[in-house]
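K.L.:
Please find one structure pasted underneath; my questions will follow.
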Amino acid sequence: MGELVGNKHVEYILSVERRKDDFLSVLMDHLRMNGAYWGLSALDLLGKLDTVDSEDIVSWIMKCQHESGGFGGNIGHDPHVHYTLSAVQVLALFDKLDVLDIDKVTGYVASLQKEDGSFSGDTWGEVDTRFSYIAICCLSILKRLDSMDVEKAVKYIVSCKNMDGGFGCTPGGESHAGQIFCCVGALAITGSLHHIDKDLLGWWLCERQVKSGGLNGRPEKLPDVCYSWWVLCSLIMIDRAHWIDKEKLIKFILNCQDTENGGISDRPDDAADVYHTFFGVAGLSLLEYPGVKAIDPAYALPVNVVNRIFFGRCST
Amino acid sequence: MDGRRIVKVRRLHHRRWVAEKLGPDAASRELEFTRKIFFLDAKNYHAWSHRQWVLQALGGWEDELDYCAQLLEEDVFNNSAWNQRYFVITKSPFLGGLKAMRDSEVDYAIEAIDANPENESPWRYLWLNDSRVHSACLRVLKAKRNFKFALSTLLDLLGLGFKPNQEIKDAITSLRTSDSGEAGSDSDLANSICSILAREDPMRANYWTWRSSKLPQAAEV
């Protein structure tokens with residue numbers, strides 16, 4: 001079996017960060033905030049967060065904040081709850097949550113909750129359980145969960161539960177591993193996991209493992225490294241991770257590495273990108289691969305960062 | 001990839017905003033729009049989400065079940081289309097709901113199972129308490145190919161108190177192998193099923209082993 005070429009991935013991520021002006025970077029310009037979260041989290045998991053200039057990044061992040069309190073994908077871009085969470089998560093990585101006007105960010109996120117408990121992503125109003133998770137995760141990190149109606153939020157998420165035990169984006173929406181991660185994560189953070197049929201969902205999730213050892217997101221879809229996170233994370237949160245073949249999954253993730261240029265792709269032999277690099281490394285973290293820091297499944301941040309948020313400074 | 005996905009979603013959402021302003025007349029146009037996406041990518045998650053929104057907000061349910069059938073004819077493994085079928089039969093104002101549709105839907109799912117017993121979607125679509133399901137399981141077992149979901153369904157049925165006939169018992173027995181040590185020593189049918197499944201589906205061996213630990217004890221009445 002191959003091994004994790006961690007240093008190559010670090011070099012890859014740093015090179016992507018530097019490549020601000022090429023065509024692909026410009027295309028992805030609007031989601032730079034998400035890219036920052038994926039890249040910097042991966043660096044931290046590989047123990048190399050200190051290779052970047054945190055002051056530079058923190059100052060850029062704050063320039064992305066809109067007057068509404070939300071954050072855009074880049075400077076001058078419209079705010080969205082997804083970029084807002086990424087901004088908060090990156091600040092947490094650098095232990096710089098104190099630069100935030102907590103009331104302002106909280107106000108923006110809480111304002112996106114609707115009457116039925118669901119959350120929209122921005123002022124356009126599109127509702128999706130992804131945004132429920134994002135809002136809950138964000139407000140929890142800021143220790144302001146009391147700013148939303150948690151009971152209604154949970155009720156809405158539960159209404160998106162399907163017959164197969166999974167969850168979709170809205171009531172009746174097809175069960176999808178990404179949506180399941182969001183719903184399970186949200187229920188975990190709010191102490192509401194008892195709403196889940198863990199045995200039924202656990203089976204649906206472990207059936208995502210295909211012959212190659214990789215995981216897909218729905219029946220009859222191709223495996224993708226990002227599901228190493230969404231599926232495995234969900235299984236861990238419901239205590240059923242032993243229902244998949246972990247060794248085979250590790251092998252699959254390692255096969256998705258570009259061992260020459262660094263970076264991880266969605267499946268073997270495809271082109272690498274920062275998104276899949278993060279989820280591949282995060283998946284290996286969940287699988288306790290040596291040399292990778294532990295990651296918290298619900299908050300998708302390194303465990304030491306989460307401990308620092310909730311339990312204050314400690315010696316780790 | 002993720003960047004493309006986000007751009008598509010923003011456009012979809014803008015369409016909703018416009019469609020809402022135009023009212024029910026926009027329904028057929030929006031449904032046609034998602035149809036075009038499905039022509040290229042029949043499982044596009046955001047397009048399905050948009051289509052469900054259109055049906056509920058603007059209407060157009062009349063042809064939806066037929067459309068699902070068409071997509072499943074093109075690809076019976078399309079899990080999104082199976083999900084949409086369930087969505088339609090439970091929410092369409094024209095079909096009478098789950099109770100009215102249950103019978104024909106069981107037939108529909110079993111037809112799909114007979115054609116491709118390895119297809120996960122129709123198995124998850126079934127309502128178990130139906131003799132047609134028992135017969136379908138038996139047919140799959142007898143063919144001795146792709147019988148994983150047939151076995152797991154029988155396991156579920158046993159858990160619900162189902163009493164299999166001799167034919168089913170024999171079919172299960174014939175799938176056991178003497179070298180795995182189950183034959184003769186293990187008369188418990190459900191345990192046999194779990195052993196076979198752990199052998200046939202080794203990636204999920206821990207799951208099938210757990211299932212056997214969850215079986216009702218033989219002594220229970």
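K.L.:
Using only DSSP helix segments of four residues or longer, with each worth -39500 (n - 2.57), what per-residue ellipticity at 222 nm results for chain B after dividing by its residue count and rounding to 500?
P.N.:
When only DSSP H runs of four or more count, the value is -22000 deg cm²/dmol.
K.L.:
Shifting gears a bit: For B:PHE77, which sequence-distant residues (separation of 5 or more, or a different chain) have an amide H within less than 5 Å of its own amide H, given hydrogens modelled in the peptide plane?
P.N.:
none
K.L.:
Rounded to the nearest 20 debye, what is the charge dipole size of segment A:65-194 about its Cα centre when +1 sits on each Lys and Arg Cβ and -1 on each Asp and Glu Cβ? Don't skip to the end; give the middle numbers.
P.N.:
Working: 9 positive and 16 negative charges, 54 e Å.
Dipole size: approximately 260 debye.
K.L.:
Something else now. Under 18 Å Cα to Cα from A:LYS155, which lysines show up? Leave out anything in the same chain fewer than 8 places away.
P.N.:
The qualifying lysines are A:LYS114, A:LYS198.
K.L.:
Separate question: State, in angstrom, two size descriptors of segment B:21-102 derived from its alpha carbons: Rg to one decimal place and Dmax to the nearest whole number.
P.N.:
Using the Cα atoms of segment B:21-102, the pair Rg, Dmax is 12.3, 36 Å.
K.L.:
Hey, fewest Cβ within 10 Å first, where do A:LYS104, B:LYS99 land in order?
P.N.:
Ranking A:LYS104, B:LYS99 by Cβ neighbours within 10 Å, fewest first, gives B:LYS99, A:LYS104.
K.L.:
In a GNM of chain A with a 10 Å cut-off on Cα contacts, which of A:ILE57, A:ILE244, A:ILE264 has the highest mean-square fluctuation?
P.N.:
Of A:ILE57, A:ILE244, A:ILE264, the most mobile in the Gaussian network model is A:ILE57.
K.L.:
Over chain B, with a Gaussian network built from C-alpha contacts below 10 Å, which listed residue (B:GLN52, B:GLN166, B:GLN70) shows the highest mean-square fluctuation?
P.N.:
B:GLN166
K.L.:
First measure r as the distance between the Cβ atoms of B:THR177 and A:LYS251, then evaluate 1/(1 + (r/R0)^6) with R0 = 25 Å and state the FRET efficiency to the nearest 0.05.
P.N.:
The pair B:THR177/A:LYS251 has a calculated efficiency of 0.35.
K.L.:
Here's another thing I want to ask about it. How much of the calculated P(r) for chain A lies past 31 Å, in percent of all Cα pairs? Walk me through the numbers before you get to the answer.
P.N.:
Numbers: 13274 of 49770 pairs.
Every Cα pair in chain A considered, those over 31 Å come to 27 percent.
K.L.:
Still on this model: Along the charge dipole of chain B, pointing to its positive end and built from +1/-1 on Cβ of Lys, Arg, Asp and Glu, which listed residue (B:ALA171, B:ILE89, B:LEU151) has its Cα farthest out?
P.N.:
Toward the positive end, the furthest listed residue is B:ILE89.
K.L.:
Continuing with the same structure: Can you tell me the Rg and the Dmax, both Å, for the Cα atoms in the protein assembly as shown?
P.N.:
Considering the protein assembly as shown through its Cα atoms, Rg and Dmax are 24.3, 74 Å.
K.L.:
Given the pairs A:LYS161/B:LYS99; A:LYS251/B:LYS43; A:LYS221/B:LYS214; A:LYS248/B:LYS144; B:LYS144/B:LYS169, which span a C-alpha to C-alpha distance of over 24 angstrom in this model?
P.N.:
Exceeds cut-off: A:LYS251/B:LYS43; A:LYS221/B:LYS214; A:LYS248/B:LYS144.
K.L.:
Based on alpha-carbon centroids, what's the gap between segment A:88-115 and segment A:193-225 in Å, whole number please?
P.N.:
If we compute the Cα centre of each part, the gap is 32 Å.
K.L.:
For a footprinting-style exposure proxy, rank A:TYR275, B:TYR67 by other Cβ within 10 Å, fewest first. Intermediate values should be presented prior to the final figure.
P.N.:
Numbers: A:TYR275 24, B:TYR67 20.
Arranged by neighbour count, lowest to highest, A:TYR275, B:TYR67 become B:TYR67, A:TYR275.
K.L.:
Follow-up question, since we're still on this one. From the phi angles alone, apply the Karplus equation (6.51, -1.76, 1.60; θ = phi - 60°) to segment B:66-74 and give each ³J(HN,Hα) in whole Hz, x where the residue is Gly or Pro.
P.N.:
4, 5, 4, 4, 4, 4, 6, 5, 6
K.L.:
Could you list A:PHE252, B:PHE39 so that the one with the fewest beta carbons within 10 Å of its beta carbon is first and the one with the most is last?
P.N.:
B:PHE39, A:PHE252
K.L.:
Over segment B:46-156, how many percent of alpha carbon pairs lie in each 10 Å bin up to the one with the longest distance?
P.N.:
Percent of pairs per bin, in order: 14, 44, 30, 11, 1.
K.L.:
Can you pull out the GluC sites (Glu not before Pro) in segment A:5-86 whose DSSP state is coil and whose Cβ has at most 14 other Cβ atoms within 10 Å?
P.N.:
Those that pass, being in a loop and sparsely packed, are A:GLU67.
K.L.:
In whole Å, what is the distance between the alpha-carbon centres of segment B:103-147 and segment B:38-53?
P.N.:
Between the Cα centres of segment B:103-147 and segment B:38-53 lies a distance of 27 Å.
K.L.:
Suppose R0 equals 41 Å; then what is the FRET efficiency for B:SER104 and A:VAL210 from their Cβ-Cβ distance, rounded to the nearest 0.05? Show your work: numbers first, answer last.
P.N.:
Working: r = 32 Å, r/R0 = 0.78.
After rounding to 0.05, the efficiency reads 0.80.
K.L.:
GNM, chain A, Cα, under 10 Å: largest mean-square fluctuation among A:ASP53, A:ASP245, A:ASP95?
P.N.:
Looking only at A:ASP53, A:ASP245, A:ASP95, the largest GNM fluctuation is found for A:ASP53.
K.L.:
Write down Rg/Rh for segment A:212-316, rounded to two decimals, with Rg from the C-alpha atoms and Rh from the Kirkwood relation over Cα pairs. List each step's numbers first, then the result.
P.N.:
On the way: Rg = 14.2 Å, Rh = 14.2 Å.
With Rh from the inverse mean 1/r over Cα pairs, Rg/Rh is 1.00.
K.L.:
Mind checking which aspartates and glutamates have their C-alpha under 15 Å from A:LYS152, skipping anything on the same chain fewer than 8 residues away?
P.N.:
The reachable aspartates and glutamates, counting only those whose Cα sits under 15 Å from A:LYS152, are A:GLU115, A:ASP116, A:ASP128.
K.L.:
Related question: From other protein chains only, count the Cβ atoms within 10 Å of every residue's Cβ in B:204-210, then give the mean.
P.N.:
5
K.L.:
Can you give me the distance in nm between label points at A:ARG267 and B:ASP156, each placed 7 Å from the Cα along the Cα-to-Cβ direction?
P.N.:
2.7 nm
K.L.:
Given only helices, namely DSSP H runs of n ≥ 4 each adding -39500 (n - 2.57), what is the per-residue ellipticity at 222 nm of chain A, to the nearest 500 deg cm²/dmol? Could the numbers behind the result be given before it?
P.N.:
Numbers: 14 runs with 152 residues, N = 316.
Helix contribution divided over all residues of chain A: -14500 deg cm²/dmol.
K.L.:
Also: With charges only on Cβ, +1 for K and R and -1 for D and E, what is the dipole size of chain A about its Cα centre, in debye, rounded to 20?
P.N.:
540 debye
K.L.:
Pull up all non-local amide H partners of A:ASP296: gap of 5 or more, or a different chain, and H-to-H distance under 5 Å with H placed in the peptide plane.
P.N.:
A:LEU301, A:VAL303
K.L.:
Additional query: Once phi is turned into ³J(HN,Hα) by the Karplus curve 6.51 cos²θ - 1.76 cosθ + 1.60 with θ = phi - 60°, what whole-Hz value does each residue of segment A:104-119 show in order, with x for glycine and proline?
P.N.:
5, 5, 4, x, 5, 5, 4, 5, 8, 7, 9, 4, 7, x, 6, 10
K.L.:
Mind giving me the FRET efficiency for B:SER131 and A:LEU222? R0 is 45 Å, r the Cβ-Cβ distance, nearest 0.05 is fine. Intermediate values should be presented prior to the final figure.
P.N.:
Numbers: r = 37 Å, r/R0 = 0.82.
Once the sixth-power term is evaluated, E becomes 0.75.
Where a number appears in this text, it was derived from the coordinates with a stated rule and is not lab data. Since this is a predicted model, take the numbers as computed values, not measurements. Neighbour counts are summed over all protein chains in view; Cβ atoms, including those assigned to glycine, are modelled from backbone coordinates with ideal geometry.
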